[in-house]
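In what follows, a single structure is set out as structure tokens and then discussed.
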Amino acid sequence: MARLSALSVAVMLHSVIGLSYYYFFKLGRCSSQPTPLLGSWLFTGCVVAVLQAVRLLPIGVPSFTAVLLETSMCCFVLDLMLTKLWCRIENLVHCAIVGVLQICPVEDETFLAFEYWTQAILTTIIGICLLWVTLWALALPQRVREGFQCWRHSCHRQLSRVLFSRQESALGYAA
């Protein structure tokens, strides 16, 4: 599991300050249109949740070195996922919206407003869904373990009831 300090520094560097190797080479944003940020922040939450659940370095690495290495790896993964995957999702949604809205005969200002708000709603819904699925998937091993323990206790109680209730009724203790 990535250290919380390394993950926090990586999020601050990448998402708050905007330090990104990809933007230095591309010199721009994902799309040419201004896009809403809520969906990308939700997707950042997905990536951060996965990074927090995954062990990045083996045990035994010195503390300061581990924090530096984990911070750089978290920045790289955040940058890669946001610039490659989220930008593709955002561009796909934008193309679909423009394709649908071109059918409607509206003025340019109205078209841009519809485009922006439709993209804001759709990317937010996609971000919420991805975050929900990610958090559900990360909690799955714990739920499976708890379900197995519950099943084991239930089987034990049922077996005990079947085995010991016959002995009690044979001895005359049960009514």
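Observations, loosely collected:
- If you go through the range 47-98 and keep only what is more than 30 Å from Glu109 (Cβ to Cβ) and of a type in the set (Gly, Ala, Ser), you end up with Ala49, Ala53, Gly60, Ser63, Ala66, Ser72.
- In the range 120-159, the residue that is nearest to Ala53 (Cα to Cα) out of those that are modelled with pLDDT of 85 or more and among the polar types (S, T, N, Q) is Thr134.
- When Ile128, Ile97, Ile121 are screened for being assigned to a helix (DSSP H, G or I), free of Cβ contacts under 8 Å to residues at least 40 places away in the same chain and closer than 12 Å to Gly39 by Cα, only Ile121 passes.
- If you filter the range 12-67 down to residues that are hydroxyl-bearing (Ser, Thr, Tyr) and closer than 22 Å to Leu138 by Cβ, you find that the one that is modelled with the lowest pLDDT is Ser15.
The values are calculated or read from the model by the stated rules, or taken from the named source; none is laboratory data. Small disclaimer: the values here were computed from a predicted structure and weren't measured. Note that each Cβ is placed from the backbone with ideal geometry, even for glycine, and that neighbours are counted across all protein chains shown.
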